[in-house]
Amino acid sequence: MTTNMAERSRTAETGSDIGGDDIIAGNVSKYTVLPAGYCGQPKKGHLIFDACFESGNLGRVDHITEFEYDLFIRPDTCNPRFRVWFNFTVENVKESQHRSMVETNAGILNQINQVGLKHKFLLRVIFNVVNFSKTKSLYRDGMAPMVKSTSRPKWQRIPSKNVYYYHCPDHRKNYVMSFAFCFDREDDTYQFAYCYPYTYTRLQHYLDNLQRRNMDYFCRELLGLSVQRRQLDLLTITSPANLRPGAEQKVVFITARVHPGETPSSFVCQGIIDFLVSQHPIAKVLRDHLVFKIAPMLNPDGVYLGNYRCSLMGFDLNRHWANPSPWAHPTLHGVKQLIIEMYNNPKINLEFYIDIHAHSTMMNGFMYGNIFEDEERFQRQAVLPKLLCQNAEDFSYSSTSFNRDAVKAGTGRRFLGGLLNDTSYCYTLEVSFYSYIVAGTTTAVPYTEEAYMKLGRNVARTFLDYYRLNSLVERPLAPTPKTRKEKEPLFKGATPQGQGTGQVGSKLEKRNQTHPKDQSLPTQ
Ligand SMILES: [Zn+2]
């Protein structure tokens with residue numbers, strides 16, 4: 001059985017200027033696209049589209065020709081404004097077919113035919129994603145959709161030469177992203193996605209595996225349930241001594257995936273967790289001195305449903321921190337309650353809050369911070385991103401900015417920045433959906449899953465640099481140490497890194513002179 005969304009759409013099309021989103025109610029389900037007027041049994045080459053799986057998203061397919069299809073992203077549930085994330089499969093493809101004349105409304109076929117022509121004529125299909133809600137996109141800068149197939153299960157980016165992003169008069173206000181693809185194996189099912197998927201189930205498996213390791217410094221608890229009763233997980237990573245009754249705690253609180261389509265955020269978050277639970281000496285020092293609280297998926301329903309920005313009920317949860325409702329925004333409500341409890345506990349100092357996102361138009365990793373009247377506090381807030389910039393070649397301090405736009409007032413970073421005291425720092429950590437540019441070069445290096453995780457590991461270890469530096473900053477009147485030996489690190493047993501001078505400015509200058517290469521750490 002097919003949902004036959006395209007059929008319904010065509011008859012119901014009334015000229016909505018958002019591409020017919022009002023009539024896209026769900027994902028296509030094993031939908032065989034037949035040529036207009038075709039009545040017989042489906043044949044090989046009549047493509048079958050499916051998005052009825054976890055994090056899937058494809059709302060409608062229009063047959064243009066045998067070689068060209070218009071694709072419609074299913075808008076976020078209960079919120080038609082957001083149409084960015086797509087994730088669907090295609091099967092019943094036909095390999096090795098003589099190329100025939102194909103007309104395209106975008107006029108891109110000529111370009112396509114000039115590139116990548118192989119000895120064998122493959123079925124070269126053009127997909128036009130026609131209802132993006134964004135106009136600016138990294139597609140203009142070389143980003144390309146991801147693809148994998150049954151026999152090649154590792155995600156790859158489609159070559160950017162086969163991807164076109166343009167303003168299309170045929171689709172009213174929308175920008176269209178077209179890509180050409182050769183199906184080369186008839187028995188394969190192909191999957192296409194906006195970026196590397198990271199599902200709710202994947203997170204659950206990952207956390208189950210961590211739990212099975214019985215680490216005494218790792219604890220997973222259920223902080224609450226989403227509207228559709230999925231788990232809001234909370235991890236605590238610290239040495240058991242820090243959890244004894246009455247112990248003072250310095251807390252670093254990290255959240256991710258409040259925006260469900262921002263999958264890189266989960267890879268970065270997993271990188272942080274992997275590092276913190278590892279046997280790396282820095283991880284051990286961090287566990288001994290800090291308590292890490294991590295909520296790795298703030299919007300599990302949105303992730304499951306394949307939304308880009310919203311929850312099941314169509315809320316952008318990152319605009320509701322000021323007054324989250326226990327029934328409409330239960331996961332956000334749960335996290336906020338916990339943070340307020342910690343804030344009210346005199347034994348707990350919440351020192352950092354970091355909310356991890358992905359950015360659809362910027363390169364690199366970078367941060368957003370807050371603006372404070374107190375100049376010293378403002379400067380101190382800049383320390384962590386400056387240090388991270390030294391540790392992560394993909395992190396850009398120059399893209400990091402501090403703001404108080406009204407539009408961001410309901411974000412976690414802004415709200416908690418106003419609530420917490422002047423020794424707490426709140427950031428949004430952003431990472432590009434596409435690529436980073438290494439300092440001193442102009443080449444865009446596309447992110448891989450591993451590169452996102454590496455950024456997470458670098459974030460984690462930067463806390464050690466911060467606290468080592470902080471111990472010096474906090475004692476400005478102490479006699480200036482004459483030798484390195486006299487510089488007592490805040491964390492006993494800390495492994496010194498490089499020849500740090502203990503001063504941000506000079507460390508940064510040093511980096512600029514030397515451009516240290518990969519300083520990443522093993523995952524272990
Ligand atoms: Zn976001």
- Note on the structure: So for R0 = 35 Å, FRET eff. of Thr236-Arg140 from the Cβ-Cβ r, to 0.05, ends up at 0.25
- Task: Filter the trypsin sites (Lys or Arg not before Pro) in the stretch 173-264 to those in DSSP coil with at most 11 other Cβ atoms within 10 Å of their Cβ, and list the result.
- Result: Arg213, Arg229
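Just flag the GluC sites (Glu not before Pro) in the stretch 318-375 sitting in loop per DSSP whose Cβ has no more than 12 other Cβ atoms within 10 Å. Each step should come with its number before you reach the end.
On the way: sites: Glu341, Glu351, Glu373, Glu375; in loops: Glu373.
Passing both the DSSP loop test and the Cβ count: Glu373.
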- Cα-projected label distance for Ala25 with Ile371, points at 7 Å along beta-carbon direction, nm: 4.7
- Message: Just to be sure I understand the model, the point goes 7 Å from the Cα along the line to the Cβ. What's the resulting Glu450 to Glu95 distance in nm?
- Response: 2.8
- Item | Full-stretch length increase - Arg152, Cys182 - with 0.36 nm per residue and alpha-carbon distance subtracted | 9.4 nm
- Quantify, in whole percent, the carbon and sulfur part of the accessible surface of the stretch 223-479 (1.4 Å probe; protein heavy atoms only). 54
- Task: Hand me the chymotrypsin sites (Phe, Trp or Tyr not before Pro) from the stretch 300-355 located in a DSSP loop with no more than 12 other Cβ atoms within 10 Å, in residue order please.
- Result: Trp327
- Message: Strictly over 29 Å apart at the Cα level, which of Lys148/Lys173; Lys148/Lys386; Lys134/Lys250; Lys293/Lys408; Lys284/Lys454 would you flag in this model?
- Response: Lys148/Lys173; Lys148/Lys386; Lys134/Lys250
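For the stretch 126-176, compute Rg over Rh where Rg is the Cα radius of gyration and Rh is the Kirkwood radius from the inverse mean 1/r over Cα pairs.
In the stretch 126-176, Rg relative to Rh is 1.04.
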- Task: Round to a whole angstrom and tell me the spacing of the C-alpha centers of the stretch 26-84 and the stretch 399-478.
- Result: 39
- Message: Quick check: net charge around Gln204, other residues with Cβ under 12 Å of its Cβ, Lys/Arg +1 and Asp/Glu -1?
- Response: 0
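The values are calculated or read from the model by the stated rules, or taken from the named source; none is laboratory data. Keep in mind it's a predicted model, so treat the numbers as computed, not measured. Counting neighbours? That spans all protein chains shown, and the Cβs are built from the backbone with ideal geometry, glycine included. Just the protein is used for accessible areas: all its heavy atoms, side chains included, with ligands, DNA and RNA removed. Shrake-Rupley method; radii C 1.70, N 1.55, O 1.52, S 1.80 Å.
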